[in-house]
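In what follows, a structure is listed as structure tokens, so that the remarks can point back to it.
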Amino acid sequence: MIRRLTVLAGCFATFILAACATTQGPTVETAPPVDKQEPAARPPESGETQVTGSVFYLERIALSPEAVVLVEVVEVAPEGGEGAVIGTWTRSSPGQVPIRFSVGVPTERIRPEGSYGVRARITGGGRTFGTSEPVPVLTQGHPSQDVQVRVRIGG
């Protein structure tokens, strides 16, 4: 009985938040809005490799309408530190998780012997979610498509 009330209260709170959400506001998009069912991909430019996937978190917290998500592809230094950012993707008012992304990376910046990772950050509503470590991509057998990036509060 208590579980049913908790689920019902959660659904009611989600409904209220959705009803209060605005659909207009400042936009920081680098790609046109897409349907949630389709990947947030844009046609690759000549000489560009796309890293696609989703950003998600496990906490049962709705994102605020003014949330902003930033996804970066970074070069990982041999000693474990992070090097240069080689591609970024930003979206304001991204909706709820999972948030699909597509980051264009100049192909000439990718070295087969190099190590690369994806890091993400979601800010808004007084909360920040982020990755603690970059998720490996692109080289050394790591994928560049359907990359799952988990963020955590305070990440």
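The values are calculated or read from the model by the stated rules, or taken from the named source; none is laboratory data. Please read all numbers here as calculations on a predicted model, not as lab measurements. Virtual Cβ from ideal backbone geometry, glycine too; neighbours counted across all protein chains shown. Heavy atoms of the whole protein, side chains included, go into the accessibility calculation; ligands, DNA and RNA do not. Shrake-Rupley method; radii C 1.70, N 1.55, O 1.52, S 1.80 Å.
On the given criteria, is T27 open to solvent by 30 Å² or more (accessible area, probe 1.4 Å), modelled with pLDDT of 65 or more and either within 11 Å of the chain's Cα centre (by Cα) or of a type in the set (S, T, Y) (or both)?
Here the answer is no, as T27 does not meet what is asked.
Here is a yes/no grid of residues against (1) under 25 Å from L58 (Cα atoms); (2) not acidic (D, E):
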site	(1), (2)
G87	no, yes
P98	yes, yes
R109	no, yes
F129	yes, yes
H142	yes, yes
D146	yes, no
V151	yes, yes
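For residues that are at pLDDT 90 or above, open to solvent by 40 Å² or more (accessible area, probe 1.4 Å) and touching a Pro at 6+ places or on another chain (Cβ under 8 Å), scanning just segment 77-104, find the one that is nearest to T139 (Cα to Cα).
R100
Among the listed residues I86, I99, identify the single one that is touching a Phe, Trp or Tyr at 6+ places or on another chain (Cβ under 8 Å) and free of Cβ contacts under 8 Å to residues at least 40 places away in the same chain.
The match here is I86.
For segment 105-119, enumerate the residues that are open to solvent by 10 Å² or more (accessible area, probe 1.4 Å) and either on the phi > 0 side of the Ramachandran plot or of a type outside the set (D, E, K, R) (or both).
P106, T107, I110, P112, S115 - these are the residues of segment 105-119 that are open to solvent by 10 Å² or more (accessible area, probe 1.4 Å) and either on the phi > 0 side of the Ramachandran plot or of a type outside the set (D, E, K, R) (or both).
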